[in-house]
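Worksheet for the structure shown next.
The values are calculated or read from the model by the stated rules, or taken from the named source; none is laboratory data. Worth saying up front: this structure is predicted, and the values here are computed from it rather than measured. In this analysis, Cβ positions are derived from the backbone assuming ideal geometry, glycine residues included, and neighbour counts consider all displayed protein chains.
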């Protein structure tokens, strides 16, 4: 059996997981109300873990209530990072969307006071039942990760968002609750995942609940709350100046990529809980759990001192209670080793720091560096109280450099010092840890087990600042950040990152060769360091060639960029392969690209994907040339159409007049355009007039909830939640002689091979007889769904509604999807 000291190390790792999640933010500056809440939390030793499948599944009101009203340590374990969803704020999908949604969850937790954890499961897209989910997720790995988080976090109670019984919900949802139930038992069993016991011990959770509501009932069913535990969570917190309804709305509104902006509510809000396993409870989630210091041997002395500090607390002079808190620290340090001791030592240190207004910051002059570089770091330390504080030592953990200081920090007199720290040459790049090695469709591969569960990488560079407060030692670890002053936004922060010395970005994600004609392939090479001198080459499929064979690269300054264009000649055979770029510098070859994700509601994110694009050689004929494209929620279809030779104009709403649209061979609306473009309801008659006069209008999928108009087409059609999630589901040709399946490309069953993530989504389930259903498909065991591709003649033109997922297939380079979409665009030609 491992020692308690080892357990404490594991708990500290969990704390680091939380503190690292704020690495990109300005140092926290707690106000008097924050300090009061933190003081009260010091005297509460209870914990709850909420568990669900995706970002945005969590109950932000309950998390806010538990963390701020009950003062429990509250975590959210999201099984996935939400990679398979849709993106309402930009073009990022799959792994890039997962990064956005991870950061949105972290912003939500900063708002509601919770902590955030994940498993290695990849959100591969919509799943209709848990059986399907577990054919793609590695169930044992997901369970192991859930057990790992439970053993580290050690919750008293687990709450699931979903029922473990299959029902009318996403398969991931039910699977998450099934995992929770299994993990409840497995976490306490030393025979399950014994390899974890090198660093953690088994942990028995008291009970597990399902956080249920009428939302989960079928239409017409009555919600029976007679056997449910009920908690009023709509409480007003005067320290926050908000009810937990209002905090929840702010937290949920961080999920911007999913369109979950919420309005705050006030008043009663009952949450319901159905008992699942463990010891039953009738009055409270933590009924029968000792949440006081008496659960720790000798802890009563600590509790009394903290209570004294709370009673002495004056919000106008927080530092006055520091002597009492230092006595509490002395008493706490004397306690025997336990999980709660480590948690509360960290919390108490942070409260003491906040009471003194002690500001500690480490900032770099640039936001990137490469291994072997010197990093210029500025340390700022300011004691904004009369409490005696001495700065004794600064450890630069990323460069193995220490500085002994012995500097008294007089009230409000900043101590600022700059130094150069050399990064070791073996430092790893700041690639998100779950993307560092290739995974599978259902699981990310994480080679460092210590990282599993963390929401993001620990800060790339950290500094540990040692101080004494009235003679008592403290050590605070802070991330190195980059900050600048924007003339409009003021002080701006972003993470400091370690990068490769050179990047190569191919300008297109997919290169589609419709015949033997060569195509230009452009590579942008950017310097991540000064004085880059090397050679750029392409890695091509067998039988392909490029001219020239290589380019010399000379970049004297960091950030400088050059653009090179190869002429690539495809081989004779139809194929799906890749084109890669590589830059060789001083005998070492670099194959990383550079992708920066910037949105105002999350910290800037940087990743280094392999410099690879898909290369497709296929037999493709097309009719027409000019396409008008109205972007909706954001997708990459326009670039895909340009790849196969179309001229694509991105349209604005004010461009949608029948007269202006006449010049287009087809007009396409992007995904969810009728959900996101409010003024489209006023322009719809112009689009219909364009069709009536001979145009072809192609409407890609929308969801039925929140349509800006119910007249999406010239004749009635009703959208539903019908979808086909199995990407290789059988497709049946209902109208085999229709032009869409025959001209200019003959569509066969082979054209539906190799699709990714799903066949389609949100198919209409009712439509007027003027529409022709062209093909049908269905998931195993379900009835055929015929509404995925509907075509109607209207006047002289054609209207097409399609729920098939071209927005995923075209950027993924699926050959058959290109051939079918070209046929759709060619209807009027």
When residues of region 166-177 are limited to those that are closer than 16 Å to residue 79 by Cα and in contact with a helix residue (DSSP H, G or I) (Cβ under 6 Å, 6 or more places away or on another chain), the one surrounded by the fewest Cβ atoms within 10 Å (Cβ to Cβ): 171
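Conditions tested, residue by residue: (1) touching a helix residue (DSSP H, G or I) at 6+ places or on another chain (Cβ under 6 Å); (2) buried (at least 18 other Cβ atoms within 10 Å of the Cβ); (3) not assigned by TED's automatic domain parsing to the domain that holds residue 73.
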| site | (1), (2), (3) |
| --- | --- |
| 249 | no, yes, no |
| 267 | no, no, no |
| 323 | no, no, yes |
| 328 | yes, yes, yes |
Checking residue 152 against (1) touching a strand residue (DSSP E or B) at 6+ places or on another chain (Cβ under 6 Å); (2) in a helix (DSSP H, G or I), only one condition comes out false. Which one? (1)
Residue 69 - would you say it is in the same structural domain as residue 155 (by TED's automatic domain parsing), closer than 26 Å to residue 207 by Cβ and buried (at least 23 other Cβ atoms within 10 Å of the Cβ)? no
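The rows are residues; the columns are (1) in contact with a helix residue (DSSP H, G or I) (Cβ under 9 Å, 6 or more places away or on another chain); (2) assigned by TED's automatic domain parsing to the domain that holds residue 669; (3) outside any loop (DSSP other than H, G, I, E, B).
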residue: 689; (1), (2), (3): yes, yes, yes
residue: 694; (1), (2), (3): no, yes, no
residue: 699; (1), (2), (3): yes, yes, yes
residue: 702; (1), (2), (3): yes, yes, no
residue: 708; (1), (2), (3): yes, yes, no
residue: 714; (1), (2), (3): yes, yes, no
Any residue that is farther than 19 Å from residue 736 by Cα, surrounded by fewer than 21 Cβ atoms within 10 Å (Cβ to Cβ) and touching a strand residue (DSSP E or B) at 6+ places or on another chain (Cβ under 6 Å) - is there at least one of those in region 795-810? no
Return yes or no: is residue 314 assigned to a loop (DSSP other than H, G, I, E, B), without any contact (Cβ under 8 Å) to a residue 24 or more places away in the chain and over 24 Å from residue 104 (Cα atoms)? yes
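Which one is farthest from residue 751 (Cα to Cα) among residues in region 721-738 that are crowded, with 16+ Cβ neighbours inside 10 Å and touching a strand residue (DSSP E or B) at 6+ places or on another chain (Cβ under 6 Å)? Even if it seems obvious, please write down each step before you answer.
Filtering region 721-738 down to residues crowded, with 16+ Cβ neighbours inside 10 Å leaves 722-727, 729, 731, 738.
Still in the running and touching a strand residue (DSSP E or B) at 6+ places or on another chain (Cβ under 6 Å): 722-724, 729, 731.
Details: 722: 22, 723: 19, 724: 17, 729: 12, 731: 10 Å.
My answer is 722.
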Can you give me the ranges of the strands (runs of 3 or more DSSP E) entirely in region 491-546 with at least 2 residues that are modelled with pLDDT under 95 and under 33 Å from the mean Cα position of the chain (by Cα)? 510-513
Among residues of region 753-771, those that are surrounded by fewer than 22 Cβ atoms within 10 Å (Cβ to Cβ) and in contact with a helix residue (DSSP H, G or I) (Cβ under 8 Å, 6 or more places away or on another chain), counted: 4
Residue check, residue 354 more than 14 Å from residue 479 (Cα to Cα), crowded, with 20+ Cβ neighbours inside 10 Å and under 31 Å from the mean Cα position of the chain (by Cα): yes
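Conditions tested, residue by residue: (1) assigned by TED's automatic domain parsing to the domain that holds residue 177; (2) at pLDDT below 50; (3) under 20 Å from residue 106 (Cβ atoms); (4) in contact with a helix residue (DSSP H, G or I) (Cβ under 6 Å, 6 or more places away or on another chain).
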| site | (1), (2), (3), (4) |
| --- | --- |
| 3 | no, yes, no, no |
| 8 | no, yes, no, yes |
| 13 | no, yes, yes, no |
| 19 | no, yes, yes, no |
| 22 | no, yes, yes, no |
| 28 | no, no, yes, no |
| 38 | no, no, yes, yes |
Looking at (1) outside the structural domain of residue 559 (by TED's automatic domain parsing); (2) buried (at least 16 other Cβ atoms within 10 Å of the Cβ); (3) in contact with a strand residue (DSSP E or B) (Cβ under 9 Å, 6 or more places away or on another chain); (4) under 28 Å from residue 97 (Cβ atoms), which one does residue 652 not meet, given that it meets all the others? (2)
Are any of the residues in region 639-647 assigned to a loop (DSSP other than H, G, I, E, B) and over 20 Å from residue 800 (Cα atoms)? yes
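So, in region 444-456, of the ones that are buried (at least 19 other Cβ atoms within 10 Å of the Cβ) and out of contact with any strand residue (DSSP E or B) (no Cβ under 6 Å at 6 or more places or on another chain), which residue ends up nearest to residue 367 (Cα to Cα)? Reasoning before the result, please.
Going residue by residue through region 444-456, those that are buried (at least 19 other Cβ atoms within 10 Å of the Cβ) are 444, 446, 452-456.
Subset that is out of contact with any strand residue (DSSP E or B) (no Cβ under 6 Å at 6 or more places or on another chain): 444, 446, 452, 454, 456.
Numbers: 444: 27, 446: 26, 452: 26, 454: 23, 456: 18 Å.
Of everything passing the filter in region 444-456, 456 is nearest to residue 367 (Cα to Cα).
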Of the conditions (1) surrounded by 22 or more Cβ atoms within 10 Å (Cβ to Cβ); (2) touching a residue at least 60 places away in the same chain (Cβ under 8 Å), residue 687 clears all except one; give me its number. (2)
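Would you check which residues across region 615-638 are crowded, with 18+ Cβ neighbours inside 10 Å and not in a loop (DSSP other than H, G, I, E, B) and list them? Lay out the reasoning, then the answer.
Taking region 615-638 as the starting set, the residues that turn out to be crowded, with 18+ Cβ neighbours inside 10 Å are 615-618, 620, 622, 624, 627-638.
Answer for region 615-638, where residues must be crowded, with 18+ Cβ neighbours inside 10 Å and not in a loop (DSSP other than H, G, I, E, B): 615, 616, 617, 627, 628, 629, 630, 637, 638.
Give me the residue from region 138-158 that is out of contact with any helix residue (DSSP H, G or I) (no Cβ under 7 Å at 6 or more places or on another chain) and touching a residue at least 60 places away in the same chain (Cβ under 8 Å) and, out of that set, nearest to residue 215 (Cα to Cα). Quick ask: steps written out before the conclusion?
We begin by selecting, within region 138-158, every residue out of contact with any helix residue (DSSP H, G or I) (no Cβ under 7 Å at 6 or more places or on another chain); these are 138-141, 144-145, 149, 155-157.
Within this subset, residues satisfying the condition of being touching a residue at least 60 places away in the same chain (Cβ under 8 Å) are 138, 141, 145, 149, 155-157.
Values: 138: 29, 141: 30, 145: 29, 149: 28, 155: 27, 156: 27, 157: 23 Å.
Filtering region 138-158 for residues that are out of contact with any helix residue (DSSP H, G or I) (no Cβ under 7 Å at 6 or more places or on another chain) and touching a residue at least 60 places away in the same chain (Cβ under 8 Å), the one nearest to residue 215 (Cα to Cα) comes out as 157.
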